[in-house]
Amino acid sequence: MIQATVAFQVQPGDYQTSLHYRADYDRYAAGALPWSFMKDTYKSLDDALTIQVAYEGIWGLPPDPSLDNPKWPFVNNGHGRETGLIAAKGTGSFEATPDCRDFAPRTVTENAYDWFDYDCDYCTGAYDGRQSKGMWHYTWNVGAPPPNPDNNTQATYNYHANPNRVVVPAGDAKVTLAWDNNSETTADPKTGVFDFRGYRVWKAANWTRPVGSAGPNDDDWSLLGEFRSFNYFVFRPNQNPPDAIWLPANYDSAAYVANGKAACPQVFVPNYFDPDSQRYVGPKTVPICLKRWDLWDAQNGLVIRPDSTFPCPGYPNCKSDRGLVNTPDLGCDEAGRVDANKQPKPYIDLRAEYPVGRYQLVDREVKNGFIYFYSVTAFDSCGSGASKAELGGRRSAVEAEGVVPQFSTARSNGTVWVVPNPYRGYADIAKRPSSWDLTPNASDPTGTHIDFFGLPTGKWTIKIWTVSGDLVAVLHSTDPVNDSVRSPVAGPGGQELPGYNTQQDNPYDGQARWNLISRNGQDVVSGIYLFTVDSSKGTQRGKFVVIR
């Protein structure tokens, strides 16, 4: 899936001035007018040039001009060479296709990039001959946050026919949110550095589908938590020889450097979440124990650990992404080993890609039958010193990505009941007892539903009757519930699959909805209705009331 954002920029001006633009531009192109005149007269041109430069990129020295390491991974090694190649880790080497200036294939190893002129343009892949080093192609000239991770509430993951849907978000009075580590394996496009810092988890509740709304707007979202990634490099000068390692666990700095032992420091948490009682207990000082890649929320002390039951695809030969890691306090070689003769510099790091399920967060502040939206955004650190800032992704969701918690079959006791009962169909949605109702639209002309709770496991059929014995509607466990906002999707194997959720969307789903539309396509009227539930458990019966 590709998403594009289009922005329209407006600058003050007047119609009479704009009439002279074509003639002035022709004079500028002919050298009769300076650029300063065009920029001052036509304000939008300055931004247009900036956007053009951002699109085409510029060539310059690497981000740290003091670096004189010829193995700097993203700097080319000859005039006109713009394409860098490196062998996959563990493969050794391969023979690369010759470029426009090669007489024979070149051997590319896994130890360093080699560069090729595949566009046959001597002016690309700029090379600074005076300093005998390549130049960096800045295709991004501003800081950018990492991409948001994929999560299990997205329509491309959360559909009944998806064979890879392992973590189903809708549970019994809970939503299990899961996401991958794509944000962590994507280097900053400007610097090539892994500068990921953490995730923010957002939730939108009480959405009523206002007229013209495709999903929650910015004001509908609330922050569930800000989880920072525990991922630190520590220098141990007392080791023989001194070394630098990725910190495996939270530590007391002096003790760790002295003897390498980890400790769990006592931390004051403003609104501590007690994992045993599954509730917030207020301010508390507790030990916080972390390992590399753990996520930690400083406000509630909640720790999310990577789920080891979700291995990287192709394990043990995991797909990995290359990037740079800054080690500002260390002098390291390209493998990350400490070298006292070298200046601090980044080195190449490999990070394995993990699927949705790598991280999981359970939200229990939900009610069955109501729609909720979730968004996981990633943030990083950009710049340095006084200009250092954190940039984060944008939270967003559409109606097709809503999650509705469902009553569990594990609590079914042979009795099926209807909620709300009686149903009161007031014209004003705010007055209805079914507070899960949404504003009607073309794909959902009633905007309302009643739900059947306590359904058994396995397939079932619900038949709804009038008291006089007329069949009103029939519901099946395999019926789609959101096909009006879901289109078919390409499955993991590339085949087209139905992208909707079903009434019984997982084996533990003991809840089903009915939109109060009869099998003839009409709104049902006020009255007493009977229903039967046929399943492998036998037949169950009940009744409910509709008041309109």
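The values are calculated or read from the model by the stated rules, or taken from the named source; none is laboratory data. These numbers were taken from a predicted model, which means no experiment stands behind them. Glycine gets a Cβ as well: all are built from the backbone with ideal geometry, and neighbour counts include every protein chain shown.
Residues checked against (1) loosely packed, with under 15 Cβ neighbours inside 10 Å; (2) of a type outside the set (G, A, S):
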site	(1), (2)
G458	yes, no
V467	yes, yes
G493	yes, no
Q504	no, yes
V525	yes, yes
Would you list the strands (runs of 3 or more DSSP E) that sit entirely within the stretch 352-432 and hold 2 or more residues that are over 20 Å from the mean Cα position of the chain (by Cα)?
-> 417-419
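Would you confirm, using the coordinates I've provided, whether A23 is at pLDDT below 75 and part of a helix (DSSP H, G or I)? Write out each step before concluding.
On the way: at pLDDT below 75: no; part of a helix (DSSP H, G or I): yes.
In short, no.
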Somewhere in the stretch 180-197, is a residue at pLDDT 95 or above and not in a loop (DSSP other than H, G, I, E, B)?
-> no
Taking the stretch 292-326 as the search range and keeping residues that are not charged (D, E, K, R) and not in a loop (DSSP other than H, G, I, E, B), which one is surrounded by the fewest Cβ atoms within 10 Å (Cβ to Cβ)?
-> S320
Counting only residues that are surrounded by fewer than 17 Cβ atoms within 10 Å (Cβ to Cβ) and part of a loop (DSSP other than H, G, I, E, B), the stretch 81-124 contains a total of 21
Looking at the stretch 227-234, is at least one residue touching a Lys or Arg at 6+ places or on another chain (Cβ under 8 Å), crowded, with 17+ Cβ neighbours inside 10 Å, assigned to a loop (DSSP other than H, G, I, E, B) and at pLDDT 80 or above?
-> yes
Could you please tell me which pairs satisfy a Cβ distance under 9 Å, a separation of 6+ or placement on different chains, a first residue in the stretch 142-156 that is closer than 12 Å to T377 by Cβ, and a second residue that is among the aliphatic types (A, V, I, L, M) and part of a loop (DSSP other than H, G, I, E, B)?
-> P146/A187; P149/V356; N151/V356
Consider S487 carefully, then state whether it is among the small types (G, A, S), under 30 Å from V356 (Cβ atoms) and crowded, with 19+ Cβ neighbours inside 10 Å.
-> no
Can you spot a residue in the stretch 457-472 that is in a loop (DSSP other than H, G, I, E, B) and of a type in the set (F, W, Y)?
-> no
Total residues in the stretch 270-291, condition closer than 17 Å to Y359 by Cβ and surrounded by 14 or more Cβ atoms within 10 Å (Cβ to Cβ) = 3
